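First up is the structure itself, then whatever we jot down about it.
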Amino acid sequence: MPESHYPEIRALNLFEGMDETHFQSLMRGAYVQNFPPQIELIGEGEPSDFLHVVLSGSVDLFSSWNGRETSLATVRPISTFILAATIRNAPYLMSARTLEKSRIVLIPSQDVRAIFDVDSNFARAIVAELAQCYRAVIKSQKDLKLRTSLERLANYLLRQQKRAGGGAAFELDFEKRRLASVLGMTPENLSRAFKGLQPYGLIVDGIRVSIGNQAELEKFAKPNPLIDDFTL
């Protein structure tokens, strides 16, 4: 892998505190690949041969069962996936595919586990990242099980608004069919949910959303940091 990529990988919380010799050893076995959109990178149930680092583009983590499919998360630069399978040397619980042209670093899982055993700072960083991922899963479960579909959509839109800078008008970060999957809805239910939020000042034109009455939408959604703030 070109050394020009080292600084951006080193800046990740996972790698920033590790010994330089160990980092160099880890990078010697890694390589970078460019992938076009809609390429499956890993398959659910396959052995976890590599830890992936997304340098550019975006990746959809999804799962399929009995003819049904659901999107579970979107990975954007610069971040890793799927760390838990790598550390446990266990099969992937999710599949992954590129959503757009993406540049991805592949680090052999056996190298990650070897450095984990000898570098305490790296090991602590891995534990911290896995703990954060666990908390994110709990929040997603609370969102799914404690809220109606209308409440889930309203809170998603408030989170997306914040990510987009907080303005009244912003764009969805992916197309509506995938949004429905992420929120645990059918596309038809999502369409009805958008209409159901119109009384709270919501205006939707394609992927562009405008919130006409911020206070009323927030009053309805009741955002909760213990569900909606993924930095906690």
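Structure notes:
- Residues (within 30 Å of S210 (Cβ to Cβ) and without any contact (Cβ under 8 Å) to a residue 12 or more places away in the chain) located in the range 121-146: S140, K145
- The set of residues in the range 137-150 that are assigned to a helix (DSSP H, G or I), surrounded by 14 or more Cβ atoms within 10 Å (Cβ to Cβ) and not hydroxyl-bearing (S, T, Y) comprises K139, K142, D143, L150.
- Only listed residue being closer than 11 Å to L51 by Cβ and not assigned by TED's automatic domain parsing to the domain that holds V182, chosen from A84, A96: A84
- Which numbered condition A84 fails, given (1) surrounded by 13 or more Cβ atoms within 10 Å (Cβ to Cβ); (2) outside any helix (DSSP H, G or I): (2)
- Test for R76: is it surrounded by fewer than 16 Cβ atoms within 10 Å (Cβ to Cβ) and either farther than 27 Å from S4 by Cα or of a type in the set (D, E) (or both): no
- Pairs with Cβ under 8 Å, 6+ apart, first in the range 79-93 and at positive phi, second among the small types (G, A, S): N89/S48; N89/S109
- The residues of the range 173-187 that are surrounded by 17 or more Cβ atoms within 10 Å (Cβ to Cβ) and not in a loop (DSSP other than H, G, I, E, B), listed by number, are R178, L179, A180, S181, V182.
- Residue match in the range 44-63 (condition: within 23 Å of A136 (Cα to Cα) and assigned to a helix (DSSP H, G or I)): no
- Among residues of the range 207-219 being without any contact (Cβ under 8 Å) to a residue 40 or more places away in the chain and part of a helix (DSSP H, G or I), the one that is surrounded by the most Cβ atoms within 10 Å (Cβ to Cβ) is E216.
- Just one residue in the set V127, V204 is surrounded by fewer than 17 Cβ atoms within 10 Å (Cβ to Cβ) and either at pLDDT below 95 or not in a helix (DSSP H, G or I) (or both); that residue is V204.
- Considering (1) modelled with pLDDT of 95 or more; (2) not assigned by TED's automatic domain parsing to the domain that holds R97, the lone condition that R163 does not fulfil carries the number (1).
- Failed item in (1) under 16 Å from the mean Cα position of the chain (by Cα); (2) of a type in the set (D, E); (3) not assigned by TED's automatic domain parsing to the domain that holds Y31, with E151 passing the rest: (1)
- Among residues of the range 21-66 being without any contact (Cβ under 8 Å) to a residue 40 or more places away in the chain and loosely packed, with under 15 Cβ neighbours inside 10 Å, the one that is nearest to the chain's Cα centre (by Cα) is S63.
The values are calculated or read from the model by the stated rules, or taken from the named source; none is laboratory data. A quick note: this is a predicted structure, and the numbers were derived from the prediction, not measured. Glycine gets a Cβ as well: all are built from the backbone with ideal geometry, and neighbour counts include every protein chain shown.
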